[in-house]
Each structure stands twice: as C-alpha cells, then as structure tokens.
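Input: a single structure, listed below in structure tokens.
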Ligand SMILES: Cc1ncc(COP(=O)(O)O)c(C=O)c1O
C-alpha cells in the first residue's frame, strides 16, 4: 500500500486503510508492535537531529510513541474531518482530564452538562476545584440558551451527547456557536457516537474525545482514550499530554488498531440490534420511557435526527413501577447480558442506573427504575428471548 492521503475516502475505507503507511507496516498488513523505551541513534549528530521535530513519525524516546501508536493516531485523525491530530491516553478518563488541563487555568470557570459521565464531574468538582477552577452545571437541553450562563471567567464547556445514563441529545452546533462567539473552548465526550455517527469538529466542536475503551477497541480487553482537535488547539493539547507523561503501550495500540478495522460493521450491527430491542421494549407493558436517541421518548430526539448519522448500542429504559429489588431480580435473571461497567464491546451488558444521585442543575423526574443496556453482537432474537424471560422474574419480585 502506498503512503497517501485518505481524506476523500468513505469512513469504512478509512477505518481499514488509516495509518497503514508502508514505512510503518513493512511487508505485513498491520503495523507491528514496536516495543521500546530507548530509541537508538546512529551518532551524536543524529541524536541532536531527533530534537528538531516533536511530530509523530520520528523516533525519539518511548514516551513519544512508535509506529504502532502513530499509526492508530493517524487513522483516528483521518476519520475526523477537520482534524489536525490525535493524542492517545491510557483511559477515557485520562483523555477527558488531560484535555481540560490543556485549556483551563486557576481562576477559570468550566461549564459541564448535568448529564456528564460521573468521573468527569468528580474530576471537575474535586481536582479542578483544588486547582482554583470553578465548575458549573447546565441543563443538557439548554441549546443556545447556554450564552446566558457565560461570565467573564467562563473558559470552556464540556459536553456529552447523548448524556451518560439518560441520553439527552444536546444542540451541539448551537452551543458551539454561542461559545465560539464568546471565545470559549468547546469539548465533547463523543464516545457514544464516535466520529462515524457524529463528526464533531465539523459540527463546531473544538476538542473531541472518545473513550476508545468502548467502540474503537470493541473487544472489552483494552483501556484507552483518544482526543482529536483542529489546528488551533493541537499544539497545546499535545504539549500538555507530553508534560503529563501520557503514553499508551504499543501492545494496547495494536489491539485498538485491530478493533478499528472492523468499527464500521460492528457499529452498524450494534445499531440495528439496539434499535430492534429498543422498539420491542417500547411495546412491553412493563416498560415506561425508552431513552434511546433514535426513539421519540428520548429528550433531544429531533436533534439526533438532525445531526447524527446513526445510533450505537447503548441506551436506557424505565421499568414502570420498578424498585431496587424488582430491578435487581430482572437484571439477575438475564443470562446473555453481563453485569458490569463499560460498554462498546461485542457482548451485551445490563446495569442498574440512578441518575438522580448525580444531578445538580436539573432533576430527574421519571418515577420508575432505570436499566442501561449495551446491545452486543449476539443475535437480537436471543437477546429479546432473554429479556422476555427476565420480565417474568420481574413480575415475581413485585408480587
Ligand atoms: C461516556 C463515557 N465517557 C468516558 C468514559 C471513560 O472511559 P474509560 O473507562 O476508558 O476511562 C466512559 C466509561 O464508561 C463513558 O461511558
């Protein structure tokens, strides 16, 4: 394969070809695992030469990566229209916190969606607070109204759309327009959609982040985060990540790149199966709200229709009249859904979730008990049969 620009290719092709430079792959298909801390130089002149460039693609020292990591970062950059580069981090949480650290300084204020992933909140409320940064939360449905929250110290907005647990879809273009007009930096946790279903930079976002742990890796066996940005913030993001010593192992980068090659077919199957199951759940008498962005129950559904190119495999639903005990009976009865954190792998998962615990700017008013499902790559008919059986246990626990 020649080394060439894949900017004009379709996303599925980019996922297959991205980062596979001949100089990095040699004679094999995937860039091999280049393990190494020390990179060796021919002589002192060569060593001095190494200091001249801080870009990917130059051997320098293990912390600056090797072809295995460069290749993955390049593929992710190619898949995000408008991107200048991608930094890799050892987890999604590291990606989020390092991005915020790249932008914020003492005295600043950051606005976060009230539907934020809980560790994002705790980073802001605990760590950033100690640093002298104030965190304020906004209603995820605020749209352009966010401008009314901007003050002289507001420096950044951290969005997540759809939101964790409750899946509200935000008006990202409107928020970015308002923020841009006030010189405020916008960051998006885009883990649910990835650049495939929501090309964030094109929609006005400055810094887009994914927990690659989920759909990029796709096999529930690696932790990783990735942050992609345009020219304006690229050097700053990269410098901060380097100052904070962020690096991913070549073994993990290899596995993530292997996952990336099949992202398109996996996402399409997660999408189709999750939609089938969400619609089936909507028809069940035990179910209240189905919080799937592609279903009208979900706040912001119209924005999803306007802005997204697809939906993935994660959503929540409300067990009508459900309490903690009957919800536990339902989840415990599932045979094909694992009980555990994370999502985005090939296997289905179920989790009891309680958004009320985390909210500060809005209240969560649905009365039933929420269950979050990740729909994996099993046959959806088997998953539906499993859910149907679990409803029997749900009824028994209620009577
Ligand atoms: C929306 C979202 N963002 C970020 C993360 C953090 O990713 P990681 O577990 O890789 O730190 C998660 C993990 O569940 C998540 O659901």
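Counting alpha carbon pairs within less than 8 Å and at least 6 residues apart, what relative contact order, in whole percent, applies to the range 324-399?
Averaging sequence separation for qualifying contacts and normalising by length gives 41 percent for the range 324-399.
Any idea what the relative contact order of the chain is, in percent, if you count C-alpha pairs under 8 Å spaced at least 6 apart?
17
Can you give the convex hull volume of the alpha carbon atoms of the chain per residue, in Å³?
139
Write down the percent of antiparallel bridges among all DSSP beta bridges whose residues are both part of the chain, to the nearest 5.
55
Under the classification rounded if a/c is under 1.5, otherwise prolate if a/b is larger than b/c and oblate if not, where does the range 306-352 fall, given a ≥ b ≥ c as square roots of the Cα gyration tensor eigenvalues?
Oblate is the answer for the range 306-352, as a/c is 1.5 or above yet b/c matches or exceeds a/b.
Measure nothing fancy, just the Cα-based angle from helix 231-243's long axis to the longest principal axis of the chain, in degrees from 0 to 90, nearest 10.
Helix 231-243 and the main axis of the chain meet at about 80 degrees.
What ranking do 147-154, 136-143 get when scored by the average of other Cβ atoms within 10 Å per residue, highest first?
In decreasing order of mean packing, 147-154, 136-143 become 136-143, 147-154.
Determine the shape class of the range 1-145: with a ≥ b ≥ c the square roots of the Cα gyration tensor eigenvalues, call it rounded for a/c under 1.5, and otherwise prolate if a/b is greater than b/c, oblate otherwise.
oblate
With N set to the residue count of the range 250-346, report its C-alpha Rg divided by 2.2 N^0.38 Å to two decimal places.
Working it through for the range 250-346, the quotient is 1.27.
Work out the FRET efficiency for residue 357 and residue 27 from their Cβ-Cβ distance, taking R0 = 51 Å, and round it to the nearest 0.05.
0.40
Below 8 Å, C-alpha to C-alpha, sequence gap of six or more: please give me the relative contact order for the range 137-208 in percent.
32
How do 94-105, 261-272, 124-135 rank on mean C-beta neighbours within 10 Å, highest first?
By packing density, highest mean first, the sequence is 94-105, 261-272, 124-135.
For the range 83-214, what does the alpha-carbon gyration tensor say about shape, rounded, prolate or oblate, given a ≥ b ≥ c as the root eigenvalues, a/c under 1.5 as rounded, and a/b over b/c as prolate?
rounded
Kindly express, to the nearest 10 degrees and within the range 0 to 90, the angle between helix 263-282's C-alpha long axis and the longest C-alpha principal axis of the chain.
Long axis of 263-282 versus the principal axis of the chain: about 10 degrees.
Using mean Cβ contacts within 10 Å as the protection proxy, how do 211-223, 37-49 order, highest first?
Sorting 211-223, 37-49 by mean packing, highest first, produces 211-223, 37-49.
Read-outs: derived from the displayed coordinates by stated rules, not from any lab. Fair warning: this is a prediction, and the values are worked out from it, not measured in the lab. Virtual Cβ from ideal backbone geometry, glycine too; neighbours counted across all protein chains shown.
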